[in-house]
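Only one structure is covered here, and it is reproduced in the block below.
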Amino acid sequence: MRLLHTSDWHLGRSFHRESLHDAQRAFLDHLVAVVEEQRVDAVLVAGDVYDRALPGLEAVALFDDVLHRLAALGVPTVFISGNHDSARRLGVGAGLIGRAGIHLRTDPGECAVPVLLADEHGPVAVYGLPYLEPTLVREGFGLERGGHAAVLGAAMDRVREDLAARPEDTRAVVLAHAFVTGGAPSDSERDIAVGGVAAVPASVFDGVHYAALGHLHGCQTLAPHLRYSGSPLAYSFSEAQQRKTMWLVDLAADGSVTAERVDCPRPRPLATLRDTLDALLTDEKYAEQEQSWVQATLTDAARPSEPMERLRRRFPHTLQLMFDPEETTAEPSRSYAARVGGRADLEIAEGFLRHVRPGADPDDDELDWLQAGFESVRESAERKADLPR
C-alpha cells in the first residue's frame, strides 16, 4: 500500500506578515498532482491543518477545495487535529464527510477506532490520534496525573488492544501529533510543554508498522517506521536550510516500510545574512540572495542610519533586521524576545523570578504554583477556542 504522509499545513499562516495564501494553494495543487501521478492509495495528514483555532475564510476555502479534490479522486484521506487546530471545529461533519472517504479524527475517545483499508495483501488499520492535551484528556483515559507521555501511552494501549483483536495479518498505521524524543525542533512550532513533559519516547509507538508524525516542522526519520514529514513551507528563518518535502511510503505485505521524499514547491528561498551594512550592500557574494526573503543581522559597531530602507534597495524582500555589534557583547543588544526565544514558558517564568529576586531561586512550592497556573491558562484557552460563537 502506498501512503502519502504530510502534516503541519498551517493554512492561514503568514511569514513575517507576508501572505502565504498563494504558496499554500500551490502546495495543495502539488499534493493532489502527486496523489494522481504516484498512484497513492491513501493520504495521511498528521495535524495542524490550520494555523489557529479560528481560521480565516481564505484558509477554510483552501481546505474545502482540497477535500473536494481528494474525494473526487477516490483516495482515502485521514486527518488528525494538531495543537493549532480547534479539534471540535475541524471535526464538524466528520461522520458525513467520512462517507466520501475523508476521515477526520479529532475525538480522543475514538483513538482505537481505525479507518480500515485493504490491498491485495490484506487489511490495513489506520488509527488517528489527535493532539492530546494532558489536562483535557487525562480523565477520559482514566489517568489522575501525567503529561504527554502518559496520555499518548494510554491512547496507544487502546490502539494495541484493538489491533490484537483483528486478523494477524493486519498492518497498523498510526497518525500522531507530538514531540517525540530525538526530534529536532524549529522556531516556528508552538511550545506544547506546559501540560507536562513535552517529549514522549519513541517506544510509545511499539507494535505498529508505521507512525506518521506531525508537529515538528523539519522532515526527519527517527526510525524506519517513525517519521516526521515536516511542514510543506518554511514558517521561520530557522528553517532556511530545510528541504521541504512529503514522505511517499510503501507498506509491504510483511509490514516493512520503504520511503522516499517528495519535494514541495518553494515560493521564495530564505537567506540569513550577517555582516556590516556596507558589505551587505556592496559585496558580490550576496548577489544570489537579492530576491530571497532575507533576515539580516548587522554587525556594525554603531547602528547605521535607515538600515532597513537601504537594505531593501538591494534586497527588496528583507523581512527581519537585527543588530549584533561584533565589538561589544551580544547580550545587551539582543531584544528580550531574542534572549528567551526557544525557552519553555516555565523556564521563562523561573528566569523572571531570579531576575527580580537576585540570589533566591524559586522553591518547590513556587514551581508547583507556576506549573498549575500555566496548565490552567492552557486549559482555559483550549476550552474558549471550542466555545460556539
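Overview of results
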| item | result |
| --- | --- |
| Accessible-area order (highest first, 1.4 angstrom probe) of the listed residues H103, H148 | H103, H148 |
| Segment 1-101 - percent relative contact order, Cα under 8 Å, separation 6 or more | 33 percent |
| Pairwise FRET efficiency - E168 versus L281, Cβ, R0 = 41 Å, nearest 0.05 | 0.05 |
| Average accessible area per residue (Å²) across segment 127-256 - probe 1.4 Å, nucleic acids and ligands excluded | 37 Å² |
| C-alpha long axis of helix 345-356 to longest principal axis of the chain, angle in ° | 30 degrees |
| Accessible area of W247 in the full protein assembly, 1.4 Å probe (Å², nearest 10) | 20 Å² |
| Value of [θ]222 nm, deg cm²/dmol, for the chain, DSSP H segments ≥ 4, -39500 (n - 2.57) each, nearest 500 | -9000 deg cm²/dmol |
| Whole-percent carbon and sulfur share, accessible surface of the chain, 1.4 Å | 50 percent |
| GNM result for the chain, Cα springs below 10 Å: residue of H84, H30, H215 fluctuating most strongly | H30 |
| Degrees between helix 21-37 axis and first principal axis of the chain (Cα, 0 to 90, nearest 10) | 40 degrees |
| Residue among A72, A234, A184 with the largest mean-square fluctuation in a Gaussian network model of the chain, springs linking Cα atoms under 10 Å | A72 |
| Exposure rank, largest accessible area first [K244, K285; 1.4 Å] | K285, K244 |
| With Cα atoms, 0 to 90° folded angle of helix 148-164 axis to the chain main axis | 20 degrees |
| Spatial separation of Cα centroids for segment 261-314 and segment 28-85, in angstrom | 34 Å |
| Student exercise, segment 1-121 dipole from Lys, Arg, Asp, Glu Cβ charges, in Debye to nearest 20 | 280 debye |
| With all protein chains modelled, accessible area of Y286 [1.4 Å, Å²] | 20 Å² |
| Listed residues E347, E284, E161, most fluctuating in the chain (Gaussian network, C-alpha, under 10 Å) | E284 |
| Sequence-separation-based contact order of the chain, relative, with Cα cut under 8 Å and 6+ spacing, percent | 14 percent |
| Test item: Cα-centred dipole of the chain, Lys/Arg +1 and Asp/Glu -1 on Cβ, debye | 860 debye |
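The values are calculated or read from the model by the stated rules, or taken from the named source; none is laboratory data. If you're wondering where the values come from, they're calculated on a predicted model, not measured in any experiment. For neighbour counting, all protein chains shown are included, and Cβ atoms are generated from backbone atoms with ideal geometry for every residue, glycine included. Side chains are part of the model used for accessible areas, which takes the heavy atoms of the whole protein and leaves out ligands, DNA and RNA. Shrake-Rupley method; radii C 1.70, N 1.55, O 1.52, S 1.80 Å.
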